[in-house]
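Colleague: Here's a structure for you.
The values are calculated or read from the model by the stated rules, or taken from the named source; none is laboratory data. Every value quoted in this text rests on a predicted model; they were computed, and no experiment measured them. No Cβ is skipped: glycine too gets one built from the backbone with ideal geometry, and neighbour counts run over all protein chains shown.
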Amino acid sequence: METQNKKTAFSTDSADPTVKQQLLSLLQLHYGYTSFRLGQEKAIDHILAGKNTIVIMPTGGGKSLIYQLPALVLEGVTIVVSPLIALMKDQVDGLIKNGIPATFINSSITPAETLERLEAVKNGHYKILYVAPERFYSQEFLNAMQNIKVSLFAIDEAHCISQWGHDFRPSYLKIKQAVTAVGNPIVVALTATATPEVREDIIKQLGIENPEQVVTGFSRPNLQFGVIQASDSEKFRLIVDAVNSAPDGTGIVYTGTRNKAEQIAQVLLDQGVDAVVYHAGMSGEDRHWVQENFMNNKAKVIVATNAFGLGIDKRDIRFVVHFEMPGTIEAYYQEAGRAGRDGKPSFCLLFYHPRDRYLQEFFIKGDNPPPNIVLEIYELLLNYGTDNILITYSELAEGLSDKLPEMAIGTSLKILEREGYLSRPNEKVGSAYLELIARPEAILESLGTRSKSSIEIFKKLISRYHDEITNGWRFNPDETAEILNIKKDSLMRLVRKLADAQLVKYEPPFRGTEINILKRVDSSEINIDFSAMKAKQKNAYAKLDQMEEYIYHFDCRQKYILDYFGDLNAKPCGKCDNCLTGGGYQRKNQAPKREIKAKEKFDYQKYNKKKNSSFSSPFSNLENEKENTESEIKKTSLLSTKLTQLETLDLFVKGSNIDEIATARELATSTIAGHLLFLIEKKLIKNIDKLVPLKRQDKILKAIKELGPDKLTPIKESLGEEFDWDEIKFVIALERSKAGK
Ligand SMILES: [Zn+2]
């Protein structure tokens, strides 16, 4: 998928061969390719045949070519709607560089320029016009467009039209009107993320009947997917192993909260891994620094919330680990898919605990406030008696009858804004307040000699702002940190520490939002489609269910995802944890036995041979382990050992004995015994009564005490034939784990 395929395009269908030849020449002339990629050809065929088309193709699959090339052969102009205003100029510059006359209209240009460009488009100076969807709110603009001969209307990021999508934009609902205004030309809607239901919604909202649909290119054959079920503390251990299993590669660890991101990074740093944190709570400057260091490989691992990744094009990311389950398959595949863009083997691991669901449910609730809350917030705002209100979310929360997360308040305001009842021009951040209560000398003394950096920051602060702080000072933390040349986080940490110790008086900066009431009506007359909101919430839960099904899915994981996206040609990948073990990790016992077909096996071996020796994937080791003898297991990486041992633990906890576990896992009993030994040593098994009856444990203990725990053979000899090696080893391991060794 990374390179254009060499197959000669347009061999078997009905479109005009001369047009196709022309297209191929243009492809080579303007883009330098000699053939089309999978899907491009099909989609272009439909467009040239005059059919409305929906194209679902991942980012980087070559979507833009699908409308840019027909634009060159069709009469008149192609209009491209895109929400990515910041990228528009670059896209147009790129086209011009390729010799394709194009221009754009969005909020970055003046009304006079807009008219000028429309005039030039009308006069045939351009073949492609990019337009921001917000323009369609203007009737004047729509009128002006009526004079232009439009032959193709391309809608990029088409999922923005669907409120089921993750990126709904109300302005996209205006597109249908715009299409009508320009005389219903051929429509092509393109997106990277669309489930069948989003696709249905795109079709419905655009009002295009029976469009052709092209779904392609979602398969990522170089990615190995896997799921590990683990508790939170186990996750922290596993993450270190996962990171270490790709010693030369960089990777992303995604987590649901900022707090967790900080914790994970700390654990990695403690283990000597160069990890950095990225989340939306950091200043723009800090985020930029972090991103830079990750991009140029100075930082090995970036621990991030989902705020990280958009627009990131780092091709050599070797792994993406999700510390918790995300809320949707779309989100998961998009984030996991950032691994291995260079086509080299990379792994995508998902840590799961049933509790992960609660966090996602919390997000869904925050995203879908109940109707009565939306109305209550509206009433609350009306009661302020002024149309311009400056308020914080927590102030709003205090006025409500039910306790509600701030996120739900934000969403409620967004709904009221969308429906035209209010507007929010901008977020406001005020200043913080700081006043000394104790004398500077006393404060310095309280800091002690250990916290060198705190002392340094305090000295800087006091030498520059002594008088201000003594008298009580309103300050902007960002500015102050910059003036003092220190990190804002360090400064604020110190200030909060001093405030906690009652050495200073501190009020955090005011963070609020400015709200303008646009419509004053009785809340009973408010006209919001709450049934649609309810449906949206139901949909969010359904998506969460599908995400959780992925965890418990017992067949190929990549195929599950591709099926989800409607890519019906998906085949088992042969390398995910399920493909390798021939059945689900979690439900192996219930899963039907699945034989790995010869072809898949071959593919896997090929992968293994090609595998760079410096990069070892946990899954390949997992496979090795099944075939190797126990002594060789020690050579495999820690993670692979733990992966398989956790599976053994799972069965052990459920009450299976060694033989049963060995049968279920198709492994030697000696291997299982080795796993159990490891689990006892790591304190994951604390009670071995099921393995060694108490009375026998006592006898073994006695022998250990007499002879010493290191004298395995003498112990065995003294106990005699009726005791086996494993029993003795289990008891020794337990004693060692108790002693903390
Ligand atoms: Zn698979």
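Each row is one residue, and each column tells you yes or no for (1) surrounded by fewer than 20 Cβ atoms within 10 Å (Cβ to Cβ); (2) in a helix (DSSP H, G or I); (3) within 19 Å of the chain's Cα centre (by Cα); (4) within 16 Å of the ligand (Cβ to nearest atom).
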site	(1), (2), (3), (4)
ASP241	yes, yes, no, no
ALA246	no, no, no, no
ILE252	no, no, yes, no
ALA261	no, yes, yes, no
VAL276	no, no, yes, no
PHE308	no, no, yes, no
LYS314	yes, no, yes, no
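Colleague: Follow-up question, since we're still on this one. Please indicate, with yes or no, whether at least one residue in region 173-190 is more than 30 Å from GLU419 (Cβ to Cβ), away from the ligand (no atom under 16 Å from the Cβ), of a type in the set (Gly, Ala, Ser) and surrounded by 17 or more Cβ atoms within 10 Å (Cβ to Cβ).
Modeller: No; the residues of region 173-190 include none that is more than 30 Å from GLU419 (Cβ to Cβ), away from the ligand (no atom under 16 Å from the Cβ), of a type in the set (Gly, Ala, Ser) and surrounded by 17 or more Cβ atoms within 10 Å (Cβ to Cβ).
Colleague: I want to confirm something. Restricting to region 198-238 and keeping residues that are part of a helix (DSSP H, G or I) and under 21 Å from the mean Cα position of the chain (by Cα), which single residue is nearest to GLY39 (Cα to Cα)? Reasoning before the result, please.
Modeller: Taking region 198-238 as the starting set, the residues that turn out to be part of a helix (DSSP H, G or I) are 198-206, 232-238.
This time we only want the ones that are under 21 Å from the mean Cα position of the chain (by Cα), so: 198, 232, 235-236, 238.
Values: VAL198: 20, ASP232: 42, LYS235: 40, PHE236: 42, LEU238: 39 Å.
Only one residue tops the list, namely VAL198.
Colleague: To continue, here is another question. Taking LEU173, is it over 24 Å from LEU65 (Cα atoms), under 19 Å from the mean Cα position of the chain (by Cα) and in contact (Cβ under 8 Å) with a residue 12 or more places away in the chain?
Modeller: For LEU173, the condition - over 24 Å from LEU65 (Cα atoms), under 19 Å from the mean Cα position of the chain (by Cα) and in contact (Cβ under 8 Å) with a residue 12 or more places away in the chain - is not met.
Colleague: Also, I was wondering about something else. Can you name every residue in region 547-574 that is farther than 22 Å from GLU324 by Cα, within 12 Å of the ligand (Cβ to nearest atom) and in contact (Cβ under 8 Å) with a residue 60 or more places away in the chain?
Modeller: If the condition is that a residue be farther than 22 Å from GLU324 by Cα, within 12 Å of the ligand (Cβ to nearest atom) and in contact (Cβ under 8 Å) with a residue 60 or more places away in the chain, then ALA570, CYS573 are the ones that fit.
Colleague: Every residue in region 684-707 that is surrounded by 12 or more Cβ atoms within 10 Å (Cβ to Cβ), among the basic types (Lys, Arg) and part of a loop (DSSP other than H, G, I, E, B), please.
Modeller: Listed by number, the list holds a single entry, LYS690.
Colleague: If PRO709 passes every condition in (1) touching a residue at least 12 places away in the same chain (Cβ under 8 Å); (2) under 20 Å from ASP659 (Cα atoms) but one, which one does it miss?
Modeller: The single condition PRO709 does not satisfy is (2).
Colleague: Hey, another quick one. Being small (Gly, Ala, Ser) and closer than 29 Å to ALA540 by Cα is the requirement here; does GLY309 meet it? Outline the logic, then answer.
Modeller: Working: small (Gly, Ala, Ser): yes; closer than 29 Å to ALA540 by Cα: yes.
For GLY309, the condition - small (Gly, Ala, Ser) and closer than 29 Å to ALA540 by Cα - is met.
Colleague: If you check LEU562, LEU498, LEU491, which single one turns out to be modelled with pLDDT of 85 or more, surrounded by 14 or more Cβ atoms within 10 Å (Cβ to Cβ) and touching a helix residue (DSSP H, G or I) at 6+ places or on another chain (Cβ under 6 Å)?
Modeller: Selected residue: LEU491, the only one of LEU562, LEU498, LEU491 that is modelled with pLDDT of 85 or more, surrounded by 14 or more Cβ atoms within 10 Å (Cβ to Cβ) and touching a helix residue (DSSP H, G or I) at 6+ places or on another chain (Cβ under 6 Å).
Colleague: Give me the pairs, please: first residue somewhere in region 194-205 and farther than 20 Å from LYS51 by Cβ, second residue anywhere and in a helix (DSSP H, G or I) and among the aromatic types (Phe, Trp, Tyr), beta-carbon distance under 9 Å, and either six or more positions apart or on two chains.
Modeller: Within 9 Å, the pairs are THR195/TYR564.
Colleague: While we're on this one: In region 42-92, how many residues are in contact with an Asp or Glu (Cβ under 6 Å, 6 or more places away or on another chain) and among the polar types (S, T, N, Q)?
Modeller: Matching residues across region 42-92 total 2.
Colleague: Listed residues THR103, THR114, THR110; which is among the β-branched types (Val, Ile, Thr), at pLDDT 95 or above and assigned by TED's automatic domain parsing to the domain that holds ASN52?
Modeller: THR103
Colleague: Among the numbered criteria (1) modelled with pLDDT under 80; (2) assigned to a helix (DSSP H, G or I); (3) not basic (Lys, Arg), which single criterion is violated by ILE680?
Modeller: Here ILE680 meets the rest and fails (1).
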